[in-house]
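Right, one structure below, let's go through it.
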Amino acid sequence: MNDFEPFDPLVKMIVNDRRPPQDVKKDLLAAGLDPAKVEKAYQDFLRLTGKQKFLGPPPMLVENKQKEGWYLGADAFQDAKFWPSLRTHLLDDKRWPEEAVESIHHASDKIVSWLEHPLASRINTRGLVVGYVQSGKTANFTAVIAKAADAGYRFFIVLSGTKKALRQQTQQRLYRELILLNDDEWFSPTLLNDFRPNSLGNPNYFLSDKKHDKILCVVKKNSTILRKLITWLSSADRNILQHCPFLIIDDEADEASINTARNQANTDPENRDRSAINRHLVSLLRLLPKAAYIGYTATPFANVLIDPSYPNDLYPGDFIVSLPKPENHFGTEGIFGRARLLEDDTDEEFVGLDVVRIVPDDEVPFLRPKRYEHDFVPDLTPSLKYALRYYWLACAARFARGQQNEHSSMLIHTTQLIRVHNSTRDSVDGYRQTILRELKGPRRSQVLQEFAAIWDEEQTAVPPEEMGTDVVTFDELRPYLNEVINETMIVADNYQSTHRLSYEGEAKIQIVIGGNTLSRGLTLEGLIVSFFVRSARAYDTLLQMGRWFGYRPGYADLPRIWMTSELSSNFFDLATIEAEIRHDIANYEKLNVTPREFGVKIRSHPDLNITAPLKMQYAVQAQVSYDDNHVQTVLFEEKNAKWLNQNIKAAGQLVNQLSASGWEGGPHNGHILFRDVPKDYIISFFRSYNFHDNNRSLSADLLINYIDDQNKYGLLKNWNVVIRGVTARSKAPRGSLKLGAYEVPLLERAKRKSSPENNAHIGVLMSRGDTGADLPQERKELKNLSEDDLKTKRNVDLPFGTGLLILYPIDKDSEPGSGAKTKEKLDAAAHVIGLGIVFPKAAQQSRGEQSYVTVDQSLLDRSDFIVEEEEEDEDA
């Protein structure tokens with residue numbers, strides 16, 4: 001409260017009063033205080049709430065920036081109980097770093113500031129919080145609940161996914177971090193079991209009773225459970241409901257909550273069918289006069305494709321917030337890397353840690369059955385045996401580091417078929433017993449040598465000192481190896497299992513084999529090794545199946561993942577998509593874009609669906625402008641000599657046409673530059689150049705249509721053309737290519753290892769500073785400028801509306817640079833011509849379309865609709 005001591009006494013009165021600030025203002029005026037002083041105090045208070053709502057991280061899109069604030073943050077409440085207790089628990093008991101707690105503090109303050117005041121006559125908030133998989137979303141919504149409770153919200157419903165294990169895990173955590181810290185203030189009907197109204201009786205007693213001021217229900221997203229909850233609340237007195245503010249937290253909000261009933265987009269919403277869980281959630285929100293709904297997810301692909309026009313649905317129309325990436329978090333980008341985005345101030349791809357091991361494609365048929373292969377029996381393939389051995393080595397290393405009291409886990413996820421889980425469990429246990437026998441028999445020396453070779457190889461891949469962990473030699477871990485293997489428990493976890501994965505009691509070493517029960521929300525404690533060859537064709541399914549994301553304190557050097565090259569490549573692309581969504585949210589916040597004005601864009605991947613098709617029924621192809629942007633060709637048919645030679649021919653013809661028409665290229669900063677080239681030459685070149693079919697944001701038609709559209713406003717009528725030279729002094733010349741009258745040096749661009757034939761992906765074509773290759777300044781004057789600075793200079797220093805086309809002659813035998821772990825030799829059938837295209841600031845939003853999917857914006861103008869209710873049973 002000390003931060004608020006300097007306030008004017010009238011401001012402090014507004015701060016300390018729990019009523020809506022407008023009501024306090026009215027009372028001050030009614031008491032006869034000076035109206036000018038009251039108004040000044042009120043405006044000072046609003047400025048303070050504005051700082052809370054708008055300043056600082058995390059980035060947030062909001063619907064109504066003009067709405068007056070009421071929340072100054074948790075520190076402003078003199079009599080707060082729940083957040084101070086939670087904060088002390090995180091710092092003192094869980095020993096979280098202060099910066100981590102402060103990050104949660106600021107983010108949760110900002111979220112609560114966009115809720116309605118708990119005493120408002122109507123609460124109908126819809127929000128979405130986008131986190132990272134296994135990154136602390138639960139910690140954030142626990143803080144939001146604590147602060148909302150301090151502010152006056154009374155009834156909290158946490159929808160904790162669809163699995164019993166996840167509900168129990170969430171209930172236990174909230175019990176420790178909310179209820180146990182202030183047990184005389186809370187009542188939780190779901191503490192021992194999911195919601196059972198028969199044991200509660202009249203809801204009016206709980207909704208109005210002051211003995212237990214706060215109520216917490218943690219429930220599965222299950223039709224039977226939700227119907228019971230709705231029926232119980234429906235029996236409450238309407239006046240009591242009207243005075244009870246609810247906060248509903250939907251954990252894993254993209255699972256089950258979305259309406260997946262068929263043919264929604266072609267149906268009038270008034271008569272629209274709804275899938276069971278969605279129908280119950282909509283009914284719950286319609287029942288409660290004062291209910292805020294906040295969805296939490298790491299995979300928001302489905303949530304932003306909900307119909308935004310229906311007010312009682314779950315579209316996050318009030319706010320979307322992107323949580324910051326926590327320190328020391330193993331996320332998609334950190335593990336798999338990602339491509340460079342246009343917004344990044346670097347030339348390089350983001351390379352992940354060397355922790356991914358490839359399962360050869362020819363092993364997959366022995367690990368995962370085909371669709372109708374009912375007599376399938378899995379084998380322990382060489383890569384799975386290697387993964388098992390490494391897991392035992394890593395567990396022994398943890399013992400050598402004194403971490404015997406910590407859980408260690410290995411995940412094997414090959415299929416959702418229960419019979420395969422059980423047979424895989426038996427095979428793994430048989431292999432464990434074989435290794436134990438060999439370590440006690442005549443092969444002991446040989447087996448230990450094999451283990452030592454694995455350990456030395458993996459320690460070189462991820463040096464412990466670079467991850468802040470202690471070096472453990474094989475000799476140091478060897479004394480623990482027998483013990484670790486002997487104590488390993490092997491569990492098949494599925495809904496038929498009698499012995500499930502459990503972390504109760506003493507620390508365990510476990511290998512868990514499963515499918516869907518392990519794929520969402522559930523935390524695998526001490527996860528070291530993941531063996532994952534399960535197929536999935538949707539963004540959100542892939543990300544949620546990745547249980548390897550999260551924190552690895554004290555063993556950050558040990559985690560490894562085995563998967564196919566296809567899956568690894570897909571996760572690389574998913575990391576790029578994730579980064580792009582977060583960039584979008586940050587950029588739209590600066591532009592004051594609201595969630596209802598712009599559904600978040602999602603890049604289309606040629607091989608993946610965004611999310612389950614039934615969740616995408618309001619998705620449409622969206623347009624994105626080339627406005628003040630640059631694009632590059634990164635995909636090539638490297639084995640198609642005819643295709644490649646056509647591009648060389650097109651580039652040569654462009655240079656010849658320019659020379660014949662009087663445009664002579666001159667040297668400029670190591671390149672060849674043609675200035676003020678009429679757009680007809682550029683359009684002709686685009687028509688003759690082969691763009692890769694999968695490079696969806698770049699095609700001749702899209703580019704030409706965009707140019708024609710901007711020509712109407714006097715832009716892109718003239719272009720500069722640059723033939724990119726070799727600027728890195730350390731690079732040895734790789735030969736040359738003749739383009740027209742010019743002998744130009746060849747550049748080096750290797751391809752990604754995961755590139756299929758004739759789909760060579762070079763990752764990054766343009767280098768830092770290339771967007772300013774035609775600027776009049778010398779290179780040394782430009783080298784330290786960011787991409788944003790270069791764009792600004794282009795719009796100022798070049799003639800109005802000038803475009804830039806850069807030709808990149810690439811050596812067909814390009815080799816990866818040293819340390820480029822994700823690249824390999826290009827090995828093309830002919831030299832490659834890449835294109836970089838830089839656009840000026842547009843006159844208006846152009847028609848240049850990049851292949852994105854977004855919510856259908858035409859739905860935003862519809863009026864309110866009513867849902868027809870329909871009963872549908874599900875087992876609890």
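The values are calculated or read from the model by the stated rules, or taken from the named source; none is laboratory data. Everything numeric in this text was worked out from a predicted model, so none of it was measured. Positions of Cβ are generated from backbone atoms using ideal geometry, with glycine treated the same way; all protein chains shown enter the neighbour counts. Ligands, DNA and RNA are excluded from the accessible area calculation, which covers all protein heavy atoms including side chains. Shrake-Rupley method; radii C 1.70, N 1.55, O 1.52, S 1.80 Å.
Structural remarks
- For segment 486-504, the criterion of being assigned to a helix (DSSP H, G or I) and modelled with pLDDT of 90 or more is met by at least one residue.
- Scanning segment 87-104 for residues that are within 15 Å of LEU178 (Cα to Cα) and surrounded by 12 or more Cβ atoms within 10 Å (Cβ to Cβ) yields ARG87, THR88, HIS89, LEU90, LEU91, LYS94.
- Single residue of segment 661-702 satisfying the filter (at pLDDT 90 or above and farther than 21 Å from TYR742 by Cβ) that is farthest from the chain's Cα centre (by Cα): ASP680
- Number of the condition not met by GLY201 [criteria: (1) at negative phi; (2) open to solvent by 20 Å² or more (accessible area, probe 1.4 Å); (3) small (Gly, Ala, Ser)]: (1)
- When the residues of segment 433-467 are filtered to those that are more than 24 Å from GLY334 (Cβ to Cβ) and among the polar types (S, T, N, Q), the one that is least open to solvent (accessible area, probe 1.4 Å) is THR434.
- Filtering segment 365-397 to residues that are open to solvent by 20 Å² or more (accessible area, probe 1.4 Å) and aliphatic (A, V, I, L, M) leaves VAL377, LEU380.
- Some residue of segment 256-268 being under 24 Å from VAL144 (Cβ atoms), modelled with pLDDT of 85 or more and open to solvent by less than 30 Å² (accessible area, probe 1.4 Å): no
- ASP379 vs. criteria more than 29 Å from THR523 (Cβ to Cβ) and free of Cβ contacts under 8 Å to residues at least 40 places away in the same chain: no
- Qualifying positions in segment 411-432 - open to solvent by 20 Å² or more (accessible area, probe 1.4 Å), assigned to a helix (DSSP H, G or I), farther than 16 Å from LEU393 by Cα and out of contact with any strand residue (DSSP E or B) (no Cβ under 7 Å at 6 or more places or on another chain): ILE418, ARG419, SER423, ASP426, SER427, GLY430
- Pair list, Cβ < 7 Å and 6+ apart or interchain, from segment 644-664 residues that are more than 25 Å from ALA760 (Cα to Cα) to residues that are assigned to a loop (DSSP other than H, G, I, E, B) and among the hydrophobic types (A, V, I, L, M, F, W, C): SER659/ALA741
- Flag for LEU46 being without any contact (Cβ under 8 Å) to a residue 60 or more places away in the chain and under 24 Å from ALA586 (Cβ atoms): no
- Tabulated pairs, segment 419-440, first at negative phi, second of a type in the set (Gly, Ala, Ser) and not in a helix (DSSP H, G or I), C-beta under 7 angstrom, 6+ apart or interchain: HIS421/ALA492; HIS421/GLY514; HIS421/GLY515; ASN422/ALA492; ARG425/ALA492
- In segment 748-791, residue surrounded by the fewest Cβ atoms within 10 Å (Cβ to Cβ) [restricted to those that are out of contact with any strand residue (DSSP E or B) (no Cβ under 6 Å at 6 or more places or on another chain) and of a type in the set (Ser, Thr, Tyr)]: SER786
- Some residue of segment 208-224 being of a type in the set (Asp, Glu), closer than 23 Å to ILE277 by Cβ and either touching a residue at least 24 places away in the same chain (Cβ under 8 Å) or in contact with a Gly (Cβ under 9 Å, 6 or more places away or on another chain) (or both): no
- Of all the criteria given as (1) open to solvent by less than 70 Å² (accessible area, probe 1.4 Å); (2) modelled with pLDDT of 85 or more; (3) not aromatic (Phe, Trp, Tyr), the one not satisfied by MET1 is (2).
- Wholly enclosed strands (runs of 3 or more DSSP E) of segment 51-165 bearing at least 1 residues touching a Cys at 6+ places or on another chain (Cβ under 6 Å): 155-160
- Of all residues in segment 468-485 being open to solvent by 90 Å² or more (accessible area, probe 1.4 Å) and at pLDDT 95 or above, the one that is nearest to HIS329 (Cα to Cα): GLU476
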